[in-house]
Amino acid sequence: MVCVGGSVAVSSVLTRAPFFTAEAVRYAVACVILVLLARVTGRRLSLPRGAEWLWLSGIAVTGLVVFNIALVEGSTRAEPAVLGVAVASVPSLLAVIGPLLEGSRPRPYLVAAALVVTGGAALVQGVGRTDALGIVWAVVVFGCEAAFTLLAIPVLTRHGPWGVSVHATWIAALIFAVLGMTREGPAAAAQLTQADWLAIGYLSVAVTAAAFVMWYSSVRRLGASKAGLLTGVAPVAAAVTGVLLGAPAPRPLVWAGIAVVAVGLALGLRGAAARGA
């Protein structure tokens, strides 16, 4: 989540780049990195079978392709804070639906902690202004962010974090490549500047290859509801990164939001430890 939060400034570099082509390159590079590292470390990658194709394709389509498109389209109708709050609302949904997919029942203390984390993240990011279409895109962002985790639960047991990440990235790279060829043309890659390539490299390594494996590992070890609490770290990391890059110091309301996020994380994670879960 620190990698994801810190990527906000990096992603802004690509605002003028051919979007579909840049995303295709990002996910293709991430997939190659994951496959090579899996081979070097002796991790076995399995081909999907049966319904697994639907779950893995669902992750790629919703959590990677539609999610990124919604962020871009939504940013034209809504301030970034609106989309950020949509993402920050995901822990509450994961706390309720995640346990059901994992074969257990939602735990009230985790639902309460998720609501606290969501409230703190909203304070960090602010509310922002938008119109009706911007709200629609924010809802799409919310649904896709949740799907990125929830759709992985049924396939994590057999494929593990590495397998899920590999299959999601190559499917997304293929979809974005088709979109790039049809919408931007085969020469779009030549329009990418040195700054674009550096940004794509960071997003491929830190925000995709590394972050995907770490995230799915935490979902498998902690469960979706507890891992979902950690999404509250992303807006905090974004605020801190902004200061490191020269932005003004956070306002008192932002500091209050950071404190609320910390309280929510403490409530959820300490509560889990106390219950031996």
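Within the range 112-134, the residues that satisfy the criterion of being in a loop (DSSP other than H, G, I, E, B) and open to solvent by 40 Å² or more (accessible area, probe 1.4 Å) are Val127, Arg129, Asp131. Taking the range 163-277 and the helices (runs of 4 or more DSSP H) fully enclosed by it, the elements with 2 or more residues that are within 20 Å of Ala30 (Cα to Cα) are at 194-202, 211-222.
What number of residues within the range 42-57 satisfy the criterion of being open to solvent by less than 20 Å² (accessible area, probe 1.4 Å) and aliphatic (A, V, I, L, M)? So the count comes out to 1.
For (1) under 20 Å from Trp170 (Cα atoms); (2) among the hydrophobic types (A, V, I, L, M, F, W, C); (3) at pLDDT 85 or above, each residue gets a yes or a no:
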residue: Leu14; (1), (2), (3): no, yes, no
residue: Arg43; (1), (2), (3): yes, no, yes
residue: Gly50; (1), (2), (3): yes, no, yes
residue: Trp53; (1), (2), (3): yes, yes, yes
residue: Arg77; (1), (2), (3): no, no, no
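A quick yes/no check of all residues on (1) under 21 Å from Val35 (Cβ atoms); (2) hydrophobic (A, V, I, L, M, F, W, C); (3) under 16 Å from the mean Cα position of the chain (by Cα):
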| residue | (1), (2), (3) |
| --- | --- |
| Arg129 | no, no, no |
| Leu133 | no, yes, no |
| Cys144 | no, yes, yes |
| Gly163 | yes, no, no |
| Ala195 | no, yes, no |
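Is at least one residue of the range 86-94 in a loop (DSSP other than H, G, I, E, B) and surrounded by 18 or more Cβ atoms within 10 Å (Cβ to Cβ)? Yes. The condition of being assigned to a helix (DSSP H, G or I), free of Cβ contacts under 8 Å to residues at least 40 places away in the same chain and either open to solvent by less than 60 Å² (accessible area, probe 1.4 Å) or farther than 22 Å from Glu23 by Cα (or both) holds for only one of Arg105, Arg39, that being Arg39.
Those residues that are in contact (Cβ under 8 Å) with a residue 60 or more places away in the chain and small (Gly, Ala, Ser), I need them from the range 52-82; list them, please. Within the range 52-82, Ser57, Gly58, Ala60, Gly63, Ala70, Gly74, Ala78 meet the criteria.
Restricting Val10, Val65, Val72, Val82 to those that are part of a helix (DSSP H, G or I) and at pLDDT 85 or above reduces the list to Val65. Do we find a residue being within 19 Å of the chain's Cα centre (by Cα), over 21 Å from Thr157 (Cβ atoms) and of a type in the set (Phe, Trp, Tyr) anywhere in the range 11-26? Yes, the range 11-26 contains a residue that is within 19 Å of the chain's Cα centre (by Cα), over 21 Å from Thr157 (Cβ atoms) and of a type in the set (Phe, Trp, Tyr).
Say whether the condition of being without any contact (Cβ under 8 Å) to a residue 12 or more places away in the chain, open to solvent by 20 Å² or more (accessible area, probe 1.4 Å) and among the hydroxyl-bearing types (Ser, Thr, Tyr) is met by at least one residue in the range 204-221. Within the range 204-221 (the criterion being without any contact (Cβ under 8 Å) to a residue 12 or more places away in the chain, open to solvent by 20 Å² or more (accessible area, probe 1.4 Å) and among the hydroxyl-bearing types (Ser, Thr, Tyr)), the answer is no, since none of the residues qualifies.
Candidates in the range 44-62 are the residues that are part of a helix (DSSP H, G or I) and among the polar types (S, T, N, Q); of these, the one that is nearest to Thr149 (Cα to Cα) is Thr62. Among (1) closer than 24 Å to Ala38 by Cα; (2) of a type in the set (Phe, Trp, Tyr); (3) crowded, with 22+ Cβ neighbours inside 10 Å, where does Trp137 come up short? Here Trp137 clears every test but (1). Within the range 108-140, being free of Cβ contacts under 8 Å to residues at least 12 places away in the same chain and small (Gly, Ala, Ser) holds for one residue alone: Ala132. Consider Ala60 carefully, then state whether it is open to solvent by less than 40 Å² (accessible area, probe 1.4 Å) and modelled with pLDDT under 90. Here the answer is no, as Ala60 does not meet what is asked.
The values are calculated or read from the model by the stated rules, or taken from the named source; none is laboratory data. Since this is a predicted model, take the numbers as computed values, not measurements. Cβ: placed from backbone, ideal geometry, glycine included. Neighbour counts: every protein chain shown. Note: areas computed on protein heavy atoms with side chains; ligands, DNA, RNA excluded. Shrake-Rupley method; radii C 1.70, N 1.55, O 1.52, S 1.80 Å.
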